[in-house]
1. Name the single residue that is surrounded by the most Cβ atoms within 10 Å (Cβ to Cβ) among those in segment A:21-43 being among the polar types (S, T, N, Q) and assigned to a helix (DSSP H, G or I).
2. What pairs come up if the first residue lies in segment B:94-121 and is within 14 Å of another protein chain (Cβ to nearest Cβ), the second is assigned to a helix (DSSP H, G or I) and surrounded by 15 or more Cβ atoms within 10 Å (Cβ to Cβ), and their beta carbons are under 6 Å apart, counting only those six or more places apart or on different chains?
3. Looking at A:232, A:170 in this structure, which one is farther than 30 Å from residue A:79 by Cβ and at pLDDT 80 or above?
4. Would you check which residues across segment B:218-236 are more than 10 Å from chain A (Cβ to nearest Cβ) and outside any loop (DSSP other than H, G, I, E, B) and list them?
5. Being more than 28 Å from residue B:197 (Cβ to Cβ), modelled with pLDDT of 90 or more and of a type in the set (A, V, I, L, M, F, W, C) is the requirement here; does residue B:99 meet it?
6. Being surrounded by 15 or more Cβ atoms within 10 Å (Cβ to Cβ) and either closer than 17 Å to residue B:8 by Cβ or within 14 Å of another protein chain (Cβ to nearest Cβ) (or both): is that true of residue B:32 here?
7. Check off (1) touching a Leu at 6+ places or on another chain (Cβ under 7 Å); (2) within 9 Å of another protein chain (Cβ to nearest Cβ); (3) buried (at least 19 other Cβ atoms within 10 Å of the Cβ); (4) within 18 Å of residue A:59 (Cβ to Cβ) for residue B:181 and give me the number that stays unchecked.
8. Please go through segment A:44-69 and pick out each residue that is surrounded by 14 or more Cβ atoms within 10 Å (Cβ to Cβ), more than 8 Å from chain B (Cβ to nearest Cβ) and small (Gly, Ala, Ser).
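The values are calculated or read from the model by the stated rules, or taken from the named source; none is laboratory data. Computed from a prediction, not measured in an experiment: that's the story for all the values here. Counting neighbours? That spans all protein chains shown, and the Cβs are built from the backbone with ideal geometry, glycine included.
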Amino acid sequence: MYLDPAIRDWVLFPIMIVMVLVGVLRHHATQLMSSMPKSDLKGVRETQALMRGRLLRSLGAFDIPYPAFQARKQYLTTQFATTNFIKNPNQTGPSNPMSDPAGMEMMMEGMKKNMMMLVPQTVIMSWITFFFSGFVLIKLPFPLTVRFKAMLQRGVETFDMDVTWVSSLSWYFLNLFGLKSIYTLILGEDNAADGTKDMAQMQMNPMQQPQQDMSKIFQSEKEFLDLSDHQSVLVGVEERLLAKYGRTIGG
Amino acid sequence: MVFNARTDLAELRALRGGLDSNAAPFYDPAHVLDSALRIVKSNSGLIDEVEKWALYEQIVVAAYDTGDVTTGNSYLDQILAKFPPKDSSRSSRLLGLQFESTGQFDKAVEVYEAALAKDESNIGLHKRIITALRAQGRKQEAIEGLVRYLDVFMSDIEGWLELSSLYLGELMYQQAAFCLEEVILLRPSNHLYHLRYADILFSFGQVELALKHYCRALELCTDNVRAFYGIRTSILALASKNDKGRGTQVDVETRDSLKKLAEEQLSSLYAKAGKDAATINTILKAWIQERA
């Protein structure tokens, strides 16, 4: 089968160029719209307190002397039992995004990102189906089963044409998944022009649990701390040091 | 010294990663100022627009550090023209630096607090307020401010080290030791913090614990001369306090072996030294024999 080269010039390349440009536009628009993450002091203090508890349980704690470790353990276990470090001491249960301003911000950001991705996709898809339907555009280099015919040859309902000849809408989908490397070339790593990452995120978001209940987390951290013990690395350090130089005690 | 733009640029980039990171080179303001100015003026294609402003920031800070106020002011004016302080906490910090360099600390603190009102978890601004207090000699207020800062940002090593040096200036050894313990918790494998902790412990009389930490520092960093000196000095101090060695954690035999190790290693390390080896070795031998 022989295709008119005009198809190549006026459909293939324009679709690809338009998609690249729209991607670049999306990237810059996302950069303009994204706001700096606002963190407040109480939130920072909360996370850092938890980190400090974890540090005390880690191997690094063996380097400080036992009384220092004990003092810190006492202090943190008593403090974690109170609401000293918790950001919102009055909330019960997991935080509701509606009430917690930080959660609200996160939801707005997610919604903005979704819009950024959804709108260009729908616009381009409708543009392609409106202007570029009714003919086949490209021949895929790999064979496919006949079930794909309905999907990939939407405008052209023939009975016995190869499934490898596909319409322009499938060229659009090929580009959608394939232009990622070109975006990395033009925009550098970590660009916002790629549609596939957003789609993956959309699937992840409904599964994200609501903000955890901080008092429960502190409670479990306190229990871990209670169970932690301390094997000072300073015990036997002299023998180890002498052994390092090939000597023994008394030698 | 040969001017190699690429290595200098790599150094400047590493410095921007923060002085606490592992790859950061030693911060020498004069060298930073010199190389950054040359890169910026050379107009080569090595830096793009974004990096240019980061380099300008480094130039301003290095210029104020070396006392070259005119260069600092000229580059700061360019930065402020492009990034007005009311929108950017980074430029507010530099503007406050300018006030500090001329001694107008009150104005500087005003600028910092105004910027903090908009972005309250900005670490750089908090730290500048505390250094302004310290530069004015208001040590107690600096200590209080730093304690409040560390209550929130508990994992900031620079902050804990600064607080420990403030406490040492007031001869509050126990508190300084507490700060160093926090630092060791955060970076347990860094031998330098063990050394400093041991020095502080020795200073307020906990000689045995100091000895153990000197040993630990040596374990982490072989042939560390300061640790050897520390070991020998603490053993001699222990000997003069309690001859029998009973009731202590480190018995006499261990102490003797450690002392021998320290002396022999010190002598051999210094013997390997280059030119002034003769003078140093004589001094060392005399020191070793003096309190043997």
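1. Once the filter is applied, the top-ranked residue is A:30.
2. B:115/B:89; B:115/B:92; B:115/B:125; B:116/B:125; B:119/B:89; B:120/A:41; B:121/A:41; B:121/A:44
3. The match here is A:170.
4. B:225, B:226, B:228, B:229, B:230, B:232, B:233, B:234, B:235, B:236
5. yes
6. yes
7. (1)
8. Passing the criteria: only A:53.
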